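Trainee: Right, I'll just put the structure down here and ask away after.
Derivation of every value follows stated rules applied to the coordinates shown; laboratory data play no part. Here the structure is a predicted model, which means the values were calculated and not measured. All Cβ positions, even for glycine, are placed from backbone atoms using ideal geometry, and neighbour counts span all protein chains on display.
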Amino acid sequence: MNDLFKEYKARIRKLDEILVSQGLTNIDLARALSQVRRATRRGDRSREPTPELRRLLEHAEVLARRVG
């Protein structure tokens, strides 16, 4: 796994923590996080993350900032 993917996985874990701390009630954040996870599974972890994955992760982080 390349280092950038490791960073992305850490950011996803942080988003998971935010979602759980909100009692799993933020549907928009849950959907965005689900999309990020699917894109991560489809991605080639030996290469740079795709622009789609970057966009989805940034969108989920924006939603998380609104919550917290």
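Trainee: For segment 3-67, what is the charge dipole size about the Cα centre, in debye to the nearest 20, if Lys and Arg each add +1 at the Cβ and Asp and Glu each add -1 at the Cβ?
Mentor: I would put it at about 160 debye.
Trainee: Further question on the same structure: Given that just one value was derived from the coordinates, which of [x] 12.9; [y] 12.0; [z] 12.6 is Kirkwood radius over Cα pairs in Å?
Mentor: Correct label is [y].
Trainee: Using 0.36 nm times the number of residues separating ARG65 and LYS9, minus their current alpha carbon distance, what extension gain do you get?
Mentor: 18.4 nm is the gain from fully extending ARG65 to LYS9.
Trainee: For ASP16, what is the net charge nearby, where nearby means another residue's Cβ is under 11 Å from its Cβ and Lys, Arg count +1, Asp, Glu -1?
Mentor: +4
Trainee: Mean residue ellipticity at 222 nm from the helices of the chain, using -39,500 (n - 2.57) per DSSP H segment of n ≥ 4 over the full residue count, to the nearest 500 deg cm²/dmol?
Mentor: Roughly -25500 deg cm²/dmol at 222 nm, from the helical runs in the chain.
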